[in-house]
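Below: the structure, in structure tokens.
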Ligand code: BTN
């Protein structure tokens, strides 16, 4: 059973989830707004009050998770958001973009509708808590200049959903999720559909072919210019055209 906490305004639902895990085994934290919402690579995750979903799922680990499982929480979050949006909207327009984005086809282009930020806490060297933070643009239709051409909301996609339905579906998916590394891996690998595709690494523009996903979710790629094998972790920026996929 997951304990659900809803707040009006928090720094970040990920922070509250982490704190509440000291008293509860598994938690979901949602909020109307976040004043220090964050995304990957230290970027801010901003959004209008009450317009979007700010959601974190957190769990304590009773047995030490493998490093692979820890890394695959990113995939778990992506799989759950993809499944939830597909099932709620019945639209076949959503795609995952490695490593943490969920995009939707809007007027001939893919734009970001959701981002996932996974954080862990450690006791010594042992991972004791994992938090999957999810932001989904729901009703917001105007975005700051920097992301205006890249962001989209469910409303802009004509998916007239109540924010609470989205939260209820995510909650259900986390309730029933199997936290099993093989399952998460298989599902993420097949949802991503990136193997055998060409990607470009930013900022140098290195063209690579994706050969396979490693058990911890990193990508084994071949540099198409030098022929060297490389491993891409999720900290690096990769670009690829979803439309060609
Ligand atoms: C990204 O795309 O870089 C990840 C964005 C993750 C945003 C969510 S909103 C709920 C949770 N709390 C946060 O501070 N961040 C995540």
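Only the coordinates and a few stated rules stand behind these numbers; no lab work does. Quick caveat: nothing in here was measured; it's all calculated off a predicted structure. Every residue, glycine as well, gets a Cβ built from its backbone with ideal geometry; the counts of neighbours run over all protein chains shown.
Things to note:
- Taken over the stretch 1-17, the criterion of being more than 11 Å from the ligand (Cβ to nearest atom), in contact with a strand residue (DSSP E or B) (Cβ under 6 Å, 6 or more places away or on another chain) and not in a strand (DSSP E or B) is satisfied by 2 alone.
- Close Cβ contacts (under 7 Å, 6 or more residues apart or on different chains) running from residues in the stretch 18-47 that are over 20 Å from residue 101 (Cβ atoms) to residues that are within 11 Å of the ligand (Cβ to nearest atom) and in a helix (DSSP H, G or I) comprise 27/17; 29/13; 29/16; 29/17; 30/13; 31/13.
- All positions within the stretch 138-171 that are closer than 25 Å to residue 6 by Cβ and part of a helix (DSSP H, G or I): 163, 164, 165, 166, 167, 168, 169, 170, 171
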